[in-house]
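Below is one structure, written out as structure tokens; comments come after it.
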């Protein structure tokens, strides 16, 4: 299905416009699950070492450090008018970590969600691990590692009794982590996400491409994404699954379509161009899904015109 929608000029300073200031929290990391192992990262085990029982597992990005336990930084945005548990979304940054552009993006997401009566927990996977970035080949490893980060945030929201239900949403490597979190491989966690919203994820992994998922998802991508090309995500959609999975592809959008910044080419040659029409439509789609609980199957191609 092709949907032509009108673009809006949506220029803003996300940090300045955020109506609710976040509460910074420390979240205990949990990784002692059956799907994980004690094996450390090595050149011979570069990806599955992401399924780790260790908070730090010896990757080059961690300078070889191994640490059993640890905590993650989280930023909780609660809607001002809430008088009890509300739906929450765990929001996960990309491979660059909490850079200025991603701080602004996550603050914008939280602001949009708060205005609809939903909460947001922005999760920082890298600062307490002293990781600068995981861009490039480490993507698969960190997508696996960060799935358990997402569940640690979910457990925090459940323990604090502030969430009525919890969703996971992530961009780029955070999108891969969101995909991984929704697989049945991660179903040994005591609490589960209501649905997932991966954005511009890497869909190459056999686990995500050919595996099964325990809850609905809407996956967002751009047809011009040269960081995480959409073709593997289309391949993922070919498998017949009972769980409704939808892929929304924005025509004319690249890897940076949701980041409100000047167009640029990233360090790895990735094109990063803000597309306000696609970003606005994506957020509206996510909000509608949370409100209606309606999820569908299939590929939906949408033309984002500026």
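The values are calculated or read from the model by the stated rules, or taken from the named source; none is laboratory data. Computed from a prediction, not measured in an experiment: that's the story for all the values here. All Cβ positions, even for glycine, are placed from backbone atoms using ideal geometry, and neighbour counts span all protein chains on display.
Things to note:
- Residue 287 being assigned to a helix (DSSP H, G or I) and under 17 Å from the mean Cα position of the chain (by Cα): yes
- Candidates 94, 117 - the one that is in a loop (DSSP other than H, G, I, E, B), surrounded by 24 or more Cβ atoms within 10 Å (Cβ to Cβ), in contact with a strand residue (DSSP E or B) (Cβ under 9 Å, 6 or more places away or on another chain) and modelled with pLDDT of 95 or more: 94
- Among the candidates 64, 31, residue that is within 24 Å of residue 156 (Cβ to Cβ), part of a loop (DSSP other than H, G, I, E, B) and modelled with pLDDT of 90 or more: 31
- Residue-level check: of (1) in contact (Cβ under 8 Å) with a residue 60 or more places away in the chain; (2) under 27 Å from residue 140 (Cα atoms); (3) in contact with a helix residue (DSSP H, G or I) (Cβ under 6 Å, 6 or more places away or on another chain), residue 304 misses just (2).
- Test: residue in segment 202-214 that is crowded, with 18+ Cβ neighbours inside 10 Å, under 20 Å from residue 121 (Cα atoms) and under 17 Å from the mean Cα position of the chain (by Cα): no
- Screening residue 296 with (1) out of contact with any strand residue (DSSP E or B) (no Cβ under 7 Å at 6 or more places or on another chain); (2) surrounded by fewer than 12 Cβ atoms within 10 Å (Cβ to Cβ); (3) closer than 23 Å to residue 196 by Cα; (4) in contact (Cβ under 8 Å) with a residue 40 or more places away in the chain gives one miss only, at (1).
- Residue check, residue 130 surrounded by fewer than 24 Cβ atoms within 10 Å (Cβ to Cβ), in contact with a helix residue (DSSP H, G or I) (Cβ under 9 Å, 6 or more places away or on another chain) and at positive phi: yes
- Considering residues of segment 1-20 that are farther than 30 Å from residue 299 by Cβ and exposed (fewer than 10 other Cβ atoms within 10 Å of the Cβ) only, the residue modelled with the highest pLDDT: 16
- Any hit, segment 41-51, residues being assigned to a helix (DSSP H, G or I) and either under 14 Å from residue 153 (Cα atoms) or over 17 Å from the mean Cα position of the chain (by Cα) (or both): yes
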